[in-house]
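The values are calculated or read from the model by the stated rules, or taken from the named source; none is laboratory data. Everything numeric here is computed off the predicted structure, so don't read it as measured data. Counting neighbours? That spans all protein chains shown, and the Cβs are built from the backbone with ideal geometry, glycine included. The accessibility values were calculated without ligands, DNA or RNA, using every heavy atom of the protein model including side chains. Shrake-Rupley method; radii C 1.70, N 1.55, O 1.52, S 1.80 Å.
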Amino acid sequence: MLACLVERLVAENDTDSIPDPEKDGVLKDLNIEGSIDYGVTAISLGSRDFGGLYSEKPLAVIRTGGADDVVRVIRRALESPTLTVAARGNGHSINGQAMAHHGLVIDMKSMADNNRIDVNVNSMCVDVGGGALWSDVLKHCVSEYGLAPKSWTDYLHLTVGGTLSNAGVSGQTFRYGPQTSTVTELEVVTGNGEIIVCSNSHNSQLFFSVLGGLGQFGIITRARVLLQPAPDMVRWIRVVYSEFDEFTHDAELLITSQESFDYVEGFVFVNSDDPVNGWLSVLLDSNQAFDPTHLPKKTGPVLYCLEVALHYNNNHDDPFMMVEKLLGKLKYLKHFRFEIDLTYMNFLSRVDHVEEAARGSGIWATPHPWLNMFVSKKDIDAFNRIVFQNILKNGVNGPILTYPLLRSKWDNRWSVALPKNEMFYLVALLRFTHAHPTESEINEMVAQNEEIVQTCIKNGFDFKMYLAHYNSTVEWKRHFGEQWGRFVNRKRQFDPKYVLAPGQKIFTRNHQF
């Protein structure tokens, strides 16, 4: 993983290899409704992502007018023995997954279809472009119809097609499954350059392949997503634990009970006054205070926070009784309960103020060596002892999320690789640097991520990377395990010339097995 920093620095300083599409002539007479950016403009648009660890110069960035343009771009790539195509949403990938070295990057956010958010009240669903942002889907559905999708990500400024190509998880996943479980129909442009509408019952093999398929089998240009009535308000609550086993017991109780909160997440924080990693990170309001004198005397280096939320409607529901009933079953430290009431839209958009502050301080634009993984329930106690309480005892300068998910809420026909246990934990290290990090500081973060991964391998933990990134087919084969053969067969069927998603580094053009 350290090599990625060298790759980034070399690419930034390599001024003599800007691709020249005119010289190659590969885009000559490409008749599209949208537009094409070349050279320095293309590099500024398509060579970076949120992770900031990789940089690849594209041949061109295509601003498409719609699915037909995507077809034309892929078919032109098929005429070349080397050209590849990457779909880029909002550029929030971490390890260059949406890049294409001297290839074509399709700017999905530019698609005209993104502006068409068609709600069908009778069918309780919405048709939306693959490049539309979930934040726009939320605003339109709630403000115009009082409806909303069932499952979300914590950060909503992501494209619909982007999250469906991975899974899309958050605090609603224990109840409704990831975002991939709320989709009933897709329009996909395959690596064969064909537009195919697919669903559970029609072209189903493509449908299940694309969901969680990392963009390897097709580019999602439209999705039909299930809706439900949106509540007016949310009671947002955080409670604190000093013991990991009590934290996990309560989290697992909530996600397996018929009567529960509407949202369940959790995170680890440092037992100190560190303003970013410590006690203050638990507070929901500036008027609240964290009094460490109430902590048990033998508290360890880290503490745990269970974060829950209950939906309710104005003038109809009183959340107080249900909140007390549900919290009454839990074993949290009674002096550490923090809660506020928000509108439903403000709750789902809660990360916006974090982004605003990060942009203001300059850290939104710096590298983000994030690590996301799923760890089996059977190994999460050992993971806590080795990783949370030791390797990460000083924090990661950002949130350390961890909360349980249920495998039964995931369809095994999707392309997502999961741990074997029925219950597994999301672990997300959402690292931020300061405004002007040194190469050494970034190296240390990347090295610590690698240490954690190697710790899991060494101890035989049942785990899978989420938003995975590997540099070789051998590593990807290990990642997919028993599902590798199916993944390869799907690639051969829907992208037989290995044109799509080169930034994932699973396959290369003219791939040989």
Quiz item: Got a sec? Charge dipole of the range 325-453, +1 on Cβ for Lys and Arg, -1 for Asp and Glu; which of Phe374, Tyr425, Ser408 is way out at the positive end?
Solution: Ser408
Quiz item: Can you pull the accessible area of Asp411 for me, 1.4 Å probe, Å² to the nearest 10?
Solution: 40 Å²
Practice problem: Please report the relative contact order for the chain, taking Cα pairs under 8 Å with a sequence separation of at least 6, and give it as a percent rounded to a whole number. | Solution: 16 percent
Quiz item: Where the convex hull is taken over the Cα atoms of the range 108-213, what is its projected area averaged over directions, in nm²?
Solution: 6.9 nm²
Quiz item: Any idea what Rg and Dmax come out to for the range 238-340 if you just take the C-alpha atoms, in Å?
Solution: 14.1, 45
Self-check item: Average projection area in nm² (convex hull over Cα atoms of the chain, one quarter of hull surface)
Solution: 23.5 nm²
Quiz item: Which listed residue (Asn277, Gly168, Leu78) has the Cα farthest towards the positive end of the charge dipole for the chain, taking +1 on Lys and Arg C-beta and -1 on Asp and Glu C-beta about the Cα centre?
Solution: Leu78
Practice problem: For the chain, give the magnitude of the charge dipole about the Cα centre (Cβ charges: +1 Lys/Arg, -1 Asp/Glu; no others), in debye to the nearest 20. | Solution: 1360 debye
Practice problem: Please list 145-156, 182-193, 478-489, 385-396 highest first by mean number of surrounding beta-carbon atoms within 10 Å per residue. | Solution: 182-193, 145-156, 385-396, 478-489
Quiz prompt | Highest-first arrangement of 274-286, 198-210, 49-61, where packing means the average Cβ count within 10 Å | solution = 49-61, 198-210, 274-286
Exercise. Considering the options Phe50, Leu392, Val474, tell which one lies farthest towards the positive end of the dipole of the chain, charges being +1 on Lys and Arg and -1 on Asp and Glu at the Cβ, about the Cα centre.
Key: Val474
Quiz item: Kirkwood Rh, Cα Rg: Rg to Rh for the range 209-282?
Solution: 1.12
Quiz item: Rounded to the nearest 10 Å², what accessible area does Met321 show when all protein chains are kept and the probe is 1.4 Å?
Solution: 150 Å²
Quiz item: Too long at a 26 Å Cα-Cα cut-off: which of Lys331/Lys378; Lys329/Lys377; Lys325/Lys393; Lys298/Lys393; Lys334/Lys464; Lys109/Lys420?
Solution: Lys325/Lys393; Lys334/Lys464; Lys109/Lys420
